[in-house]
Amino acid sequence: MRRSRLLVVALAVPLIGGIVGAPAASAQPRLSGPTTEFTVLAAEGQSAGAAEQAIRAAGGTVVKTNTAVGLITATAPATGFTERLSGNRAVFGAAKAKSIGAAPKDKAAPKPNAVEKESQHSAPNARKNAAKKPVGTDPLDDQLWGLKSVRSDLSRTVQPGDKRVKVGIIDTGVDGSHPDIAPNFDKADSRNFTRDIVADETGTVVDGPCEYRGCVDPADHDDNGHGTHVAGTIAAAANGFGVSGVAPGVTLVNVRAGQDSGYFFLQPTVDALTYAGDAGIDVVNMSFYVDPSK
């Protein structure tokens, strides 16, 4: 009886040793390469929190999360991260942010469009000529072919817009101190969802040096000019100065998603849209396209 028990133990030892020493079937790919930015989307039915856990388990770092749609910006080593996420049920997919091209180095930077800066040249004779214009228009309105093209110069004599209507400007920002914008600007509801990018991974300048701490501009700031121009087209105040907008009576809200350079990337754009919905913004204007390289 004693011998048979010893035989069972002797047979069992090599069997257990074989199991312990076997390589793990679910070994994860090795992470390597420089730290890179990734866009990660949570799977349908899965929370953003679950996707964040998957990112951390795969060796990544969560940078920013939009819980409303499960969109996450993360950083991780360039190689191996997406392969690690591919089998996780909490993640629909992940993509690496990468440059898709570059402007020629010898190409001079374009000068700001005069239309974007028209207000800077309107002040000297604006107030002097205001009395000569019909009620509801501003001194330089005759130079804005768009007002007459959509006949807003006539329609706003009936309804110039209501202050309770909030129009979100999803663009490069809005200069809330501009004399034609300030009367209609809502700084309290305005937000900036971007962070200035000094240069890309190749060293090519994107936004240039940061003007504010943390590279985050205030919510009433616009270093590009396009957003302010758009805001003015929509609702520059009819105040006897400069130009007036299509609906000079509505309220303007800056919901910034564009970089100083004019690029628009996915995460800030989605963040701006979901904020506008959550904040009860009545309508938003989006005069841009989203760049696919981020």
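Values in this text are rule-based calculations from the coordinates and carry no lab data. Predicted model only: the values in this text are computed from it and were never measured. All Cβ positions, even for glycine, are placed from backbone atoms using ideal geometry, and neighbour counts span all protein chains on display.
So which aspartates and glutamates can Lys166 reach, going by Cα to Cα under 16 Å and dropping same-chain residues fewer than 8 places off?
Hits, sequence-local ones excluded: Asp186, Asp189, Asp220, Asp278, Asp282.
Taking amide H positions as placed in the peptide plane 1.01 Å from N, state which residues far from Thr36 in sequence (5 or more) or on other chains have amide H under 5 Å from it.
Close amide H contacts, sequence-distant or interchain: Ala76, Ala78.
What nm distance separates the two modelled labels at Lys98 and Ser32, each placed 7 Å from Cα along Cα→Cβ?
1.7
Stokes-Einstein D for the range 133-285 at 4 °C, 1.567 mPa s, Kirkwood Rh over Cα pairs, in µm²/s?
81
Sorted from fewest to most neighbouring beta carbons within 10 Å, what does the list Arg213, Arg30 look like?
Arg213, Arg30
So, R0 is 41 Å and r is the distance between the beta-carbons of Val62 and Val150; what FRET efficiency does that work out to, to 0.05?
Calculated value: 0.35.
Grab the other residues whose beta carbon is less than 10 angstrom from that of Gln28, score K and R as +1, D and E as -1, and report the net.
+1
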